[in-house]
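Engineer: Here it is: the structure, laid out below.
Just so you know, all these numbers are worked out from the coordinates, no wet-lab data involved. These figures come from a predicted structure and were not determined experimentally. Cβ sites come from the backbone with ideal geometry, for glycine too, and all protein chains shown count toward neighbours.
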Amino acid sequence: MVNTNNPKAGLAIGTMLGGGAFVTMIVFGTVILVKPFKIAKFATIRDLGIYIIGIGWIAFIMLFDTKMYFWQPLVFLILYLIYVAIIVFEKFIREFIEKRKAFKNSQEKISPNILSIP
């Protein structure tokens, strides 16, 4: 797209965003209608969060920069590496969150035994 004399970056970005929106809304909605299932909360939040950050970065580049610099695509690479790291360490992250919740719940259940001295 960029090597042509008349690059149509808007068309390329619109295609990516449209494809992402189609998969997110239409395909996902159809699957839920055909065969209801339980959604993994952590995985859904993870995937949608990374997707929204990526869309936000594309919007930021399109709105505030007229040129593409070398470091801008590197942000996508870093975002992807963070995504892969989250997937790899998901078990440890989930265990950490569960331990933290259990600790908070145990702290709330402790009722101090206050002795009054006359």
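Engineer: Can you work out ³J(HN,Hα) from phi for every residue in the stretch 60-75, in order, using Karplus 6.51 cos²θ - 1.76 cosθ + 1.60 and θ = phi - 60°, giving whole Hz and x for Gly and Pro?
Structural biologist: 4, 4, 5, 7, 10, 10, 9, 10, 9, 9, 4, 6, 5, x, 5, 4
Engineer: Please rank D47, D65, fewest neighbouring Cβ atoms within 10 Å first, as an exposure proxy. Don't skip to the answer; put the middle values down first.
Structural biologist: Values: D47 15, D65 10.
Fewest-to-most Cβ neighbours within 10 Å comes out as D65, D47.
Engineer: Run the numbers for Y51 and I93: contour at 0.36 nm per residue of separation, minus the present Cα-Cα distance, in nm. Please list the in-between numbers first.
Structural biologist: On the way: separation 42, 0.36 × 42 = 15.12 nm, distance 1.96 nm.
Working it through step by step, the gained length comes to 13.2 nm.
Engineer: May I have the count of lysine pairs in the stretch 2-103 with C-alpha atoms under 26 Å apart, counting pairs 8 or more residues apart or located on different chains?
Structural biologist: Going through the stretch 2-103 pair by pair, I get 9.
Engineer: Here is a further query. Where in the stretch 25-62 are there trypsin sites (Lys or Arg not before Pro) that are in a DSSP coil and have at most 11 other Cβ atoms within 10 angstrom of their Cβ?
Structural biologist: Working: sites: K38, K41, R46; in loops: K38.
Those satisfying the criteria are K38.
Engineer: Karplus couplings for the stretch 37-47 from phi (6.51 cos²θ - 1.76 cosθ + 1.60, θ = phi - 60°), rounded to Hz, Gly and Pro as x?
Structural biologist: Listing the rounded values in order: 8, 7, 9, 6, 4, 4, 5, 5, 5, 4, 5 Hz.
Engineer: What distance in nm separates the two pseudo spin-label positions at K38 and K67, each 7 Å out from Cα along the beta-carbon direction?
Structural biologist: Distance between label points: 5.4 nm.
Engineer: Right, next: Rg/Rh for the stretch 38-107 to two decimals, with Rh computed the Kirkwood way over all alpha-carbon pairs. Each step should come with its number before you reach the end.
Structural biologist: Working: Rg = 16.6 Å, Rh = 14.4 Å.
Rounded to two decimals, Rg over Rh is 1.15.
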